[in-house]
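These notes are about the structure you will find just below.
The values are calculated or read from the model by the stated rules, or taken from the named source; none is laboratory data. Source: prediction; values computed, not measured. Note that we place each Cβ from the backbone using ideal geometry, even for glycine, and neighbour counts take in every protein chain shown.
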Amino acid sequence: MDSIARLFKKIGTLLRRERFNSELEEEMSFHREQKEKDLCEAGVAPAAAHRAVAREFGNPTRLKEQSYEVMGMRFETVWQDLHFAIRQLRRSPGFTLTAVLMLALGIGASVAIFAFVDAALIKPLPYQDPTRLADVAERGRLWPRSNLSYQDYVDWKKMNKVFSALEAYTGGGYLMKTAAGVEPVTAARVTAGFFRVLGVRPELGRDFYDGEDQPSGGDTVILTYQSWQERFGGRKDIVGQTVNLDGVPNTIVGVLPASFHFAPRGKAEFWVTLQKLNNCEKRRSCHNMFGVGRLKDGVSMQAALVDMTAVAKQLEIQYPGSNRDQGASVKPLYEQLVGDIRPILLVLLGGAVLLLVIACVNVSSLLLVRSESRKREIAVRGALGASRSRLVRQFVTESLVLVVMGGLLGLLFAEVSMQGLSRLMSKDMLASMPYLAGIALNHRVALFAVAVCVLAAGLFALTPILRVPLTTLREGLTDGGRGTAGTLWRRFGANLVVVELAVAVVLLVGAGLLGKSFYKLLHVDLAFQPDHLATMQVALPQTTYPKEPQLIAIQRKLLDRIRSLPGVQSASVTSVFPVSGNGNTDWIRIVGKPYNGEHNEVNQREVSSDYFTTLHAKLERGRFFTDDEDASKPKVVIVNKAFVRQYFPGEDPIGRVMGDGDLTAKSLRQIIAVVDDIKESSLDVDTWPAEYTPMNQGPDNYFGLVVRTSQAEGAMLPVLRATVQQVDPGIGVFDEQTQLQRINESQTAYLHRSSAWLVGGFAAMALLLGVVGLYGVIAYSVSQRTREIGVRMALGAQQSSVYRMILKEAGWLTGVGILAGLICSIAVTTLMRKLLFGIHSWDVSTLAAVAIVLGGSALLASYFPARRAASVNPVEALRAE
Amino acid sequence: MPKKSDLMPGTLDMMILKTLTRGPQHGYGIASSIKRASDDVLTVEEGSLYPALQRLLLQSWVKAEWRSTETNRRARFYTLTAAGRKQLGLEHSRFEEMIAAIGRVMQDA
């Protein structure tokens, strides 16, 4: 109640400000008169009494202001301050523009990166209670997290005591019949309760019902929102329609909400149940799924892991052949979804924040220079009755205006760069990180931007306040305190520049290390020639090519056609393209070697006879496959050098025989050759031992086509597609890329490239800002010391000694900055070890290069002020004062 | 001579309220009353007096109206309100507690 009454009183005062002032005026003059009268009565001369009263009364304007401050509203004076601040800033457009641009740069960069951090790491996943969801997988000897066998999953679901629901998913692909022919589409195959465990409800139609994933369940499919919109035009009557997948009509029963995404199956458009198990899913030793579990109330991740490990142990005892060494992996689902990108985003955010720090430091040092040149103004305003708090408020207002302008421009800049950065991501990248599609200036990002602005404004307000002394009003008026104040500022400003240079060093070292890692990554020894290779995935319809003979025949036909094309040197097929990553493994046992049931995991690739010659991969020993090596011939295998190193150290592997764990007769193969370690793994990982088997001894409906061309390989892709579909329009062709694209656009390369470029950009800006800051400090110092330099020269100092004096000052600052920066960067870069490839975080050549680049730029930046100092005319310098 | 900043916080407001218990008074009158009553020890500076009066007005502890003085001069007279009287009692007892507490501290043990 009271506060409301007070507010009304205040508003009343505001509305009748004139009257308030005149009344106060009258009251005070009455006071003065009375006092004067009393003094006169006491015998003081009238003139002396008048003076005494006036002195005692002090500054009437200030007095009125004090009274008004009690009664008045803050915003009125705030408005005055604002008005004055804008006028001040407009009077020095150079300063304003520089400061606003620097701030916009710093704020924009950090807000844009934060938006990515928010989208990936902060924004909750679009599932119900996502922190209670666990990624459930098996754990092999080589894999901390490996695929889950369907048979194991069924047992895990039954035996576990920690999950209220445990569901599983795997990928899939179909040839969808369209009006134009067939089109390969990406699908995901899931257990019936998959969407329920996530807490996702279809927007249209229904979810899979319990048991729909059993053989008795029908052929049903749920569409993603995007697929519903793009393929079916968002038709409302879509539920109940059928879609022909691999020649089988599937009933569409539901459509997922637009917000739904599931990164591990980001590309999947069609979601079907695991109603038809494939060969792999019928075998316990074949692993192709992952699980998602919802923790029961009160159960922790660790407890779940302990329970699942116990369950896995039990299965290991029960099924020693397939489950040896197969443990369990349970971790938070969000960690699985965003784990890869987290260190990169955090490094980028760190870089952006450092850039922001430099920008802020630069702006505050500009403000310092300004406050120095405004000392007189401040002194005059103080003498005219401005209270200290009012002066301080003026500075706060000015910095707020700067920050608001910089912040708004920064937000614009952030929005533009966010758009740009997300456009830079390929469609595949976006599919594997679908949460980044939701990147936007939402309330969390806005909050971050506001927090950054408030911090910056506080910093800027603080710097000149430190320079508004209470006691030196008179000094400021007489302009006499220049010498001491100049020194003080030089010391403070100099410290800021050291900080700036040190931060620039950290960013430059970071960028240098990331750039070098990226270079090393792209120059990893692939053991094949990646240029002039055109690649694409081919899907043969099961209905037309059901058995091995037809598959072999069509593959031969396709390869023959392609080989006869002009510009094609050779053509081959493989089950997995090189540089796709370790995986698609086989467990082997070598005849004549001790074996205790351990899982010897090796990459397995099925390739056609001229695969190695197409890749230009080096044959170490033995012979390549021949085209007629099919099921009728003895089974053969080619291994890589890593295989020999691990399983035949110091032995000749040629002629040796290997097979599966039980050495079943049909699994036995004879090693006929050793090839170079073709990079099968992703670029930043070592290639595992690998076995290559003839495609014709185990053909598949899905395979990759690898063609070596003599002309530009990219231009050949459409020709190859047309050729394949000429042979049979029912064959699906997709994922057409050159091998170089596959490498350059792989997630590893993308992440390394984007972080190198972004941190490099930050570093370049930091270098620029740091050097400009140094220039400012030295130039200011020279301008303050013009008189001193003049005296020195008048007394006979040589130009060279003036040069030396100025460059020594700059060199000292730069040296300290670089040294501090190098020490900091060794500490900081150890934090980004995960992102480095092939180099240490203390890579000496990078550190040295950064020191030289920064030292050189700093020398250049201080050369100009030094030259100005050396060309000072002593007579003028002395007269100017 | 103690200045405003040497007074204990809140004591100026209390003394103004106390002065006004003896009847309505203008600003100069309040200042001279306090000076007189304290045997010239306390001088209320104008820079403190008028903001303090505005503060009291804002809290509705005093009322202000323009009246003529004995010398027929227009002046703003301040009057204590009921709320002001209550506030004075409150502040007075708090002040005495404080003085007593300080006295106990300063006593020779």
Seminar exercise, completed: Just one listed residue, out of A:Val197, A:Val299, is assigned to a loop (DSSP other than H, G, I, E, B), among the aliphatic types (A, V, I, L, M) and modelled with pLDDT of 90 or more, and it is A:Val299
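Residues checked against (1) of a type in the set (Ser, Thr, Tyr); (2) within 21 Å of A:Tyr780 (Cα to Cα); (3) assigned to a loop (DSSP other than H, G, I, E, B):
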site: A:Lys808; (1), (2), (3): no, yes, no
site: A:Lys834; (1), (2), (3): no, no, no
site: A:His840; (1), (2), (3): no, no, yes
site: A:Ala849; (1), (2), (3): no, no, no
site: A:Tyr863; (1), (2), (3): yes, yes, no
Problem set entry | Residue that is farthest from the other protein chains (Cβ to nearest Cβ), among those in region B:81-91 that are free of Cβ contacts under 8 Å to residues at least 24 places away in the same chain and part of a helix (DSSP H, G or I) | B:Gly89
Seminar exercise, completed: Of the candidates A:Ser227, A:Ser216, the one satisfying the condition of being on the phi < 0 side of the Ramachandran plot and assigned to a loop (DSSP other than H, G, I, E, B) is A:Ser216
Problem set entry | Unique match (being more than 28 Å from A:Asp297 (Cβ to Cβ), touching a strand residue (DSSP E or B) at 6+ places or on another chain (Cβ under 6 Å), buried (at least 21 other Cβ atoms within 10 Å of the Cβ) and assigned by TED's automatic domain parsing to the domain that holds A:Asn244) among A:Tyr169, A:Tyr174, A:Tyr153 | A:Tyr174
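One line per residue, one yes/no per condition, for (1) outside any loop (DSSP other than H, G, I, E, B); (2) among the small types (Gly, Ala, Ser); (3) under 30 Å from A:Gly181 (Cβ atoms):
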residue: A:Glu680; (1), (2), (3): no, no, no
residue: A:Phe703; (1), (2), (3): yes, no, yes
residue: A:Val707; (1), (2), (3): yes, no, yes
residue: A:Leu720; (1), (2), (3): yes, no, yes
residue: A:Gln737; (1), (2), (3): yes, no, yes
residue: A:Gln741; (1), (2), (3): yes, no, yes
residue: A:Met765; (1), (2), (3): yes, no, no
residue: A:Val777; (1), (2), (3): yes, no, no
residue: A:Tyr780; (1), (2), (3): yes, no, no
Exercise. Out of the residues in region B:17-44 that are more than 17 Å from A:Gln34 (Cβ to Cβ) and part of a helix (DSSP H, G or I), which is farthest from the other protein chains (Cβ to nearest Cβ)?
Worked result: B:Lys18
Problem set entry | Members of region A:801-817 that are touching a residue at least 60 places away in the same chain (Cβ under 8 Å) and either surrounded by fewer than 17 Cβ atoms within 10 Å (Cβ to Cβ) or touching a strand residue (DSSP E or B) at 6+ places or on another chain (Cβ under 6 Å) (or both) | A:Tyr803, A:Val816
Seminar exercise, completed: Listed by first then second residue, the pairs whose first member lies in region B:26-39 and is basic (Lys, Arg), whose partner is surrounded by fewer than 18 Cβ atoms within 10 Å (Cβ to Cβ), with beta carbons under 8 Å and at least 6 positions apart or on separate chains, are B:Lys35/B:Thr43
Exercise. Could you list, in sequence order, the residues of region A:269-287 that are at pLDDT below 90 and in a strand (DSSP E or B)?
Worked result: A:His287
Seminar exercise, completed: region A:633-677: strands (runs of 3 or more DSSP E) wholly inside it with 3 or more residues that are in contact with an Asp or Glu (Cβ under 9 Å, 6 or more places away or on another chain) are A:636-640, A:669-675
For this session: For residues that are buried (at least 18 other Cβ atoms within 10 Å of the Cβ), of a type outside the set (Ser, Thr, Tyr) and either closer than 15 Å to A:Val802 by Cβ or not assigned by TED's automatic domain parsing to the domain that holds A:Ala779 (or both), tally how many sit in region A:850-873.
Result: 5
Exercise. Is it the case that some residue within region B:47-63 is more than 14 Å from chain A (Cβ to nearest Cβ) and part of a helix (DSSP H, G or I)?
Worked result: no
Exercise. Does region A:705-728 contain any residue that is small (Gly, Ala, Ser), assigned by TED's automatic domain parsing to the domain that holds A:Lys547, within 30 Å of A:Gly247 (Cα to Cα) and touching a strand residue (DSSP E or B) at 6+ places or on another chain (Cβ under 6 Å)?
Worked result: no
For this session: Would you mention how many residues in region A:17-38 are surrounded by 12 or more Cβ atoms within 10 Å (Cβ to Cβ) and either more than 21 Å from B:Ser48 (Cα to Cα) or at the interface with another protein chain (Cβ under 10 Å from one of its Cβ atoms) (or both)?
Result: 14
For this session: Go over the candidates A:Thr613, A:Thr543 one by one and state the one that is in a loop (DSSP other than H, G, I, E, B) and surrounded by fewer than 16 Cβ atoms within 10 Å (Cβ to Cβ).
Result: A:Thr543
Seminar exercise, completed: When restricted to A:Arg55, A:Arg51, the only residue over 25 Å from A:Ser399 (Cα atoms) and more than 14 Å from chain B (Cβ to nearest Cβ) is A:Arg51
Exercise. In region A:541-562, how many residues are within 13 Å of A:Val724 (Cβ to Cβ) and modelled with pLDDT of 90 or more?
Worked result: 8
Exercise. Looking only at region A:212-234, which residues are out of contact with any Phe, Trp or Tyr (no Cβ under 8 Å at 6 or more places or on another chain) and exposed (fewer than 13 other Cβ atoms within 10 Å of the Cβ)?
Worked result: A:Gln214, A:Pro215, A:Ser216, A:Gly218, A:Glu230, A:Gly233
Seminar exercise, completed: Condition set more than 10 Å from every other protein chain (Cβ to nearest Cβ) and at pLDDT below 70, scope region A:1-14, selection nearest to B:Leu58 (Cα to Cα): answer is A:Ser3
Exercise. Can you tell me which residue in region B:68-88 is nearest to A:Met28 (Cα to Cα), limited to those that are loosely packed, with under 11 Cβ neighbours inside 10 Å and either among the small types (Gly, Ala, Ser) or in contact with a Phe, Trp or Tyr (Cβ under 7 Å, 6 or more places away or on another chain) (or both)?
Worked result: B:Ser68
Seminar exercise, completed: All conditions in (1) in a helix (DSSP H, G or I); (2) within 12 Å of chain A (Cβ to nearest Cβ); (3) of a type outside the set (Lys, Arg) are true of B:Tyr78 except (1)
